[in-house]
Amino acid sequence: MPAEKLKEGLLEIQSEFPKYSPNGYYRMQMNTIAGLPYESLEEFETNYNWLKNNFKNQPMSAMPLVISND
């Protein structure tokens, strides 16, 4: 999925979910994968920083892509 379309969807979720919560509160857990094929380090850093700036009150983590040879 194109990054811009994904970002638009995440921002929409952020604005819409509180409307359906009885107390206006929601929690979104952000988990990203570092080292995806065809994603440069610069692209990953740009996207991760975008998440940090737009979802400051939400927990997030980044884990490396690991492929076992087993």
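Within region 26-59, the residues that satisfy the criterion of being in contact with a Leu (Cβ under 6 Å, 6 or more places away or on another chain) and open to solvent by less than 60 Å² (accessible area, probe 1.4 Å) are Met30, Gly35. If the condition is being in a loop (DSSP other than H, G, I, E, B) and under 24 Å from Ile67 (Cβ atoms), then region 1-28 contributes only Met1. Working only within region 21-55, note down all residues that are modelled with pLDDT of 90 or more, in contact with a helix residue (DSSP H, G or I) (Cβ under 8 Å, 6 or more places away or on another chain) and of a type in the set (Ser, Thr, Tyr). Correct list: Thr32 only. Scan region 29-44 for residues that are charged (D, E, K, R) and either in contact with an Asp or Glu (Cβ under 8 Å, 6 or more places away or on another chain) or farther than 16 Å from Leu65 by Cβ (or both) and the total you get is 1. Residues in region 29-62 that are among the hydrophobic types (A, V, I, L, M, F, W, C) and in a loop (DSSP other than H, G, I, E, B) were compared, and the one that is farthest from Leu11 (Cα to Cα) is Leu36. Scanning region 1-24 for residues that are touching a Phe, Trp or Tyr at 6+ places or on another chain (Cβ under 9 Å) and without any contact (Cβ under 8 Å) to a residue 40 or more places away in the chain yields Ile13, Phe17, Pro18, Tyr20.
The values are calculated or read from the model by the stated rules, or taken from the named source; none is laboratory data. Given the structure is predicted, the values throughout are model-derived calculations rather than measurements. Neighbour counts are summed over all protein chains in view; Cβ atoms, including those assigned to glycine, are modelled from backbone coordinates with ideal geometry. When the accessible area is computed, the model is the full protein with side chains, heavy atoms only, and any ligands, DNA or RNA have been set aside. Shrake-Rupley method; radii C 1.70, N 1.55, O 1.52, S 1.80 Å.
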